[in-house]
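Readers should treat all values here as calculations from the given coordinates under stated rules, not as data from a laboratory. Since this is a predicted model, take the numbers as computed values, not measurements. Cβ atoms come from the backbone with ideal geometry, glycine included; neighbour counts cover every protein chain shown.
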Amino acid sequence: MKLYLAGPEVFLANASDIGAAKKALCEKYGFIGLFPLDCEIQAASPRATGLAISVANEALIRDADAVVANLTPFRSPSADVGTVYELGLARGLGKPIHGYSNTPVLYTERVKAAAGFDATRQTDAQGMHIEAFELHDNLMIDGGIHQSGGHFYISKKDAALDSLAAFERVLQQLAADCR
């Protein structure tokens, strides 16, 4: 089974090392990991490079049997927007999607902390309502994973973006499912 390994780790200085570690864990559990940096891209400009990476990553997702995504909040109270796009693409293709997060804090609490929560009005600083569904991220992310039959593991305590403990829990569950 081929697993596309989505997540914001591609932005870390040691992204290749993280990708290799994730692929090694996949192999340990009998899977083939497809990491977004597996494709070699050569383009004439930054824009062309970005578009070529998008095409290559979509091809990896189409080739995968499922997606496992790091949904640890990245640059906002929510998951990385590119990772969420990849989950949506996989879900639209009918593939199982799985996720994990290295923070146990629910989405509602993260948004309240980041958006200037007004307890009197129960809104953010701009007067907009905040999702209060006791989910780990936006309801469409949690809902999509659930509806696809996927697994979503959450760390019991905060861990670094590149921690692989929750990722390995997803792999362990997938391996058990395959037995």
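Observations, loosely collected:
- Sparse-neighbourhood loop sites, GluC sites (Glu not before Pro) in the stretch 89-169 - DSSP loop, at most 13 other Cβ within 10 angstrom: Glu131, Glu134
- Lys pairs, the chain - Cα-Cα below 26 angstrom, 8 or more residues apart or on other chains: 15
- The stretch 1-61: proportion of alpha-carbon pairs further apart than 12 angstrom, %: 68
- Alpha-carbon centroids, the stretch 20-38 and the stretch 109-179: separation in whole Å: 23
- Counting beta carbons within 10 Å around each of His129, His151, His98, His146 and listing the fewest first gives the order His129, His146, His151, His98.
- Dividing the convex hull volume of the alpha-carbon atoms in the stretch 43-179 by its residue count gives 136 Å³ per residue.
- Which of Cys39, Cys26, Cys178 has the fewest Cβ neighbours within 10 Å, and the rest in rising order: Cys178, Cys39, Cys26
- With neighbour counts taken as other beta-carbon atoms within 10 Å, the residues Arg110, Arg169 rank, fewest first, as Arg169, Arg110.
- For the chain, share of DSSP beta bridges that run antiparallel, in % to the nearest 5: 10
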